[in-house]
1. What number, in percent, do you get for the relative contact order of the chain if the mean sequence gap of Cα pairs under 8 Å and at least 6 apart is divided by its residue count?
2. Decide, for segment 1-95, between rounded, prolate and oblate: order the square roots of the alpha carbon gyration tensor eigenvalues as a ≥ b ≥ c, take rounded if a/c falls under 1.5, and otherwise choose prolate if a/b is larger than b/c, else oblate.
3. If you place +1 on the Cβ of every Lys and Arg, -1 on the Cβ of every Asp and Glu, and leave all else neutral, what size is the dipole of segment 2-162 about its Cα centre, to the nearest 20 Debye?
4. Between the DSSP loop rule and a limit of at most 14 other Cβ atoms within 10 Å, which chymotrypsin sites (Phe, Trp or Tyr not before Pro) in segment 1-110 are left?
5. Compute the signed sum of charges (Lys and Arg +1, Asp and Glu -1) over the other residues within less than 15 Å, Cβ to Cβ, of Trp84.
6. Counting helices only, and only those DSSP H runs with n ≥ 4, report the 222 nm mean residue ellipticity of the chain as the sum of -39,500 (n - 2.57) divided by its residues, in deg cm²/dmol to the nearest 500.
7. Determine, for Val92, Val13, the number of other Cβ atoms within 10 Å of each Cβ, and report the residues in order from fewest to most.
8. Which FRET efficiency value, to the nearest 0.05, is calculated for Ala117 and Thr25 with the Förster distance at 22 angstrom and r the Cβ-Cβ distance?
Amino acid sequence: MFAEIFQHTPTWVWVVFVMLISVGTKQLTEQRRSLRKSVLMSLAMGGVSLYGVAATFHGQTPALSSWMLGAVAVLALSSMLNAWSGMRWSHVDQSLVVPGSWVPLALFMSLFIIKFAVGVTLARHAGLIHQTMFESLVGLCYGAFSGVFLSRGLAMWRAGRVAGVTLATS
């Protein structure tokens with residue numbers, strides 16, 4: 001069964017997998033980044049996730065509502081826990097300093113595995129796409145990941161704001 005799944009997986013999926021590993025591995029060390037690009041990337045990740053849910057489930061209310069619930073809940077929880085502490089603005093380099101962490105790599109890999117599993121599940125059991133429980137759980141899960149990425153973007157924006165930097169000037 002697994003051999004069949006891997007044989008029928010398009011090549012582009014493995015290219016994305018390698019790219020995510022590469023990007024995630026770079027997150028292990030401290031980086032200096034543009035505030036604007038960092039915040040926009042977080043927003044883009046949330047947007048891509050929302051689009052994925054809307055496209056997969058054809059805009060069904062349970063999937064979209066669950067996505068929103070997951071995104072808002074995790075965004076709020078991450079903000080309350082100050083999950084992305086340690087980011088700061090460097091006036092010397094005029095850049096955002098992001099400490100190294102394994103968390104982005106773990107998030108990328110987890111999201112990839114979940115999206116892969118959902119894709120395989122829907123390919124093998126297409127009728128699940130019309131099951132409210134399935135679409136709600138998938139929407140909630142994707143929304144939770146979006147909440148994490150959005151909370152990271154918010155933490156980056158806050159780090160710039162504390163230093164008096166705006167997205168327009170970064």
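Only the coordinates and a few stated rules stand behind these numbers; no lab work does. Fair warning: this is a prediction, and the values are worked out from it, not measured in the lab. Every residue, glycine among them, receives a Cβ derived from its backbone with ideal geometry; neighbour counts consider all protein chains shown.
1. On the way: 219 pairs, mean separation 69.3, N = 170.
Result for the chain is 41 percent.
2. Numbers: a/c = 2.40, a/b = 1.34, b/c = 1.79.
Oblate is the answer for segment 1-95, as a/c is 1.5 or above yet b/c matches or exceeds a/b.
3. Numbers: 11 positive and 4 negative charges, 111 e Å.
Approximately 540 debye in magnitude.
4. On the way: sites: Phe2, Phe6, Trp12, Trp14, Phe17, Tyr51, Phe57, Trp67, Trp84, Trp89, Trp102, Phe108; in loops: Phe57, Trp84, Trp102.
Answer in residue order: Trp102.
5. Numbers: positive: Arg33, Arg88, Arg152, Arg158, Arg161; negative: Glu30.
Taking every Cβ under 15 Å from that of Trp84, the sum is +4.
6. Working: 6 runs with 117 residues, N = 170.
-23500 deg cm²/dmol, from helical runs alone.
7. Working: Val92 8, Val13 13.
Ascending number of Cβ neighbours within 10 Å: Val92, Val13.
8. Details: r = 23 Å, r/R0 = 1.03.
Efficiency, from the Cβ-Cβ distance: 0.45.
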